[in-house]
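The values are calculated or read from the model by the stated rules, or taken from the named source; none is laboratory data. The structure displayed is predicted, hence computed values, not measured ones. Counting neighbours? That spans all protein chains shown, and the Cβs are built from the backbone with ideal geometry, glycine included. Only protein heavy atoms, including side chains, enter the accessible area calculation; ligands, DNA and RNA are left aside. Shrake-Rupley method; radii C 1.70, N 1.55, O 1.52, S 1.80 Å.
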Amino acid sequence: MNVYFLGTGTSQGIPVIGCTDAVCNSLDSRDKRLRVAVWVYNENFSIVIDCGPDFRMQMLASGCNRMDALLFTHEHADHTAGLDDIRPFYFKQGDIPVYGHPRVLENLARRFDYIFTTENKYPGAPSVLPIAVDKNEPFSILNQAVIPINACHGGLQVFGYRIGDFAYLTDVKTIEEAEIEKIKGVKVLVINVLRKEPHPTHFNLEEALAFIEKVQPEKTYFTHVSHNFGFHETIESELPPNVFVAYDNLEITI
Ligand SMILES: [Zn+2]
Ligand SMILES: [Zn+2]
């Protein structure tokens, strides 16, 4: 199974518009971060998690040319605003199965009513097949089991997903012990780490390292990184040996 990091930046991306700080001016390509999304695939399935405003460029850069399912973590714009750009997949494949919490699907149906409607549809608009996710009910996509992981993004519920030996959790601040149990034993864990300083709705570095201690994955990659965290190279040099900072277009095999 392959995991392709489509984007690894926080909601504004890096560089931030109009920002003149050192990280936003960095010449290291790993310091250029689109909004978070990940593509998980093998010869049997192709799953994309989240569809932010950079979706089109991410699909072009990665070479992803089929999407069997689109999984949403939550409704924030940095994870959903690119939904219109699923059109090329819809034209080739028909209705695209989209998975998310019922609240998220309802939210998207309001914001993208022309995509979710079944009446008087504009001929060029894409169509989706919404599928509600329940935190206690694993589902399968082309025979690949997917386990939802329930977590909290400050006051907002979010889903992470475990796919085989891989778990992806973003926009997490707190998570219950029972949900952590679902993640134990993964080879690769991806979690959000915004920066060193505490934040009301995201893990900071200290919280992320404590979480890794509990889960004990073989390897961990950080995502949803802010320009306030510093340079990629500096952050990674300060981490334990099995903990890495993901960067855009990084691809790993599990
Ligand atoms: Zn986010
Ligand atoms: Zn968010």
With a 1.4 Å probe and all protein chains kept in place, how much accessible area does residue 11 have, in Å² rounded to the nearest 10? 60
So how far apart, in nm, are the two label points at residue 111 and residue 142 if each is 7 Å from Cα heading toward Cβ? 2.7
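Just list whichever of 32/196; 196/219; 92/182; 32/187 have alpha carbons separated by over 30 Å in the model shown.
Distance filter (> 30 Å) returns 92/182.
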Probe 1.4 Å - accessible area at residue 252, Å² to nearest ten: 20
Are there cysteines in the chain with no second cysteine's Cβ under 4.7 Å away, and if so, which? 51, 64, 152
Can you tell me the relative contact order of segment 135-218? Whole percent, Cα pairs under 8 Å, sequence separation 6 or more. 23
Name the trypsin sites (Lys or Arg not before Pro) in segment 1-97 that are in a loop by DSSP and that have at most 14 other C-beta atoms within 10 Å, would you? 66
Rounded to whole Hz and in sequence order, give me ³J(HN,Hα) for segment 13-24 from the Karplus expression 6.51 cos²θ - 1.76 cosθ + 1.60, θ = phi - 60°, writing x for Gly and Pro. x, 10, x, 7, 3, x, 8, 10, 6, 4, 5, 5
Can you work out the base-10 log of I(q)/I(0) for the chain at q = 0.08, 0.10, 0.14 1/Å, using the Debye formula on its C-alpha atoms alone? -0.29, -0.45, -0.91
Please identify, among 169, 156, 34, the residue showing maximal mean-square fluctuation in a Gaussian network model of the chain using a 10 angstrom Cα cutoff. 156
Pairwise label distance in nanometres, residue 122 with residue 93, each label 7 Å out on the Cα-Cβ vector: 2.3
Quick check on packing: order 221-232, 128-139, 191-202 by the mean number of other C-beta atoms within 10 Å, highest mean leading. 221-232, 191-202, 128-139
Segment 24-180: relative contact order as a whole-number percent, Cα under 8 Å and 6+ apart: 16
State in Å² the accessible area per residue of the chain; use a 1.4 Å probe, count heavy atoms of protein chains only, and round to the nearest integer. 44
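Keeping the other protein chains in place, figure out the carbon and sulfur percent of the accessible area of the chain, with a 1.4 Å probe.
Carbon and sulfur atoms account for 51 percent of the accessible area of the chain.
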Segment 42-125: GluC sites (Glu not before Pro) falling in loop per DSSP and having at most 13 other Cβ within 10 Å: 43, 119
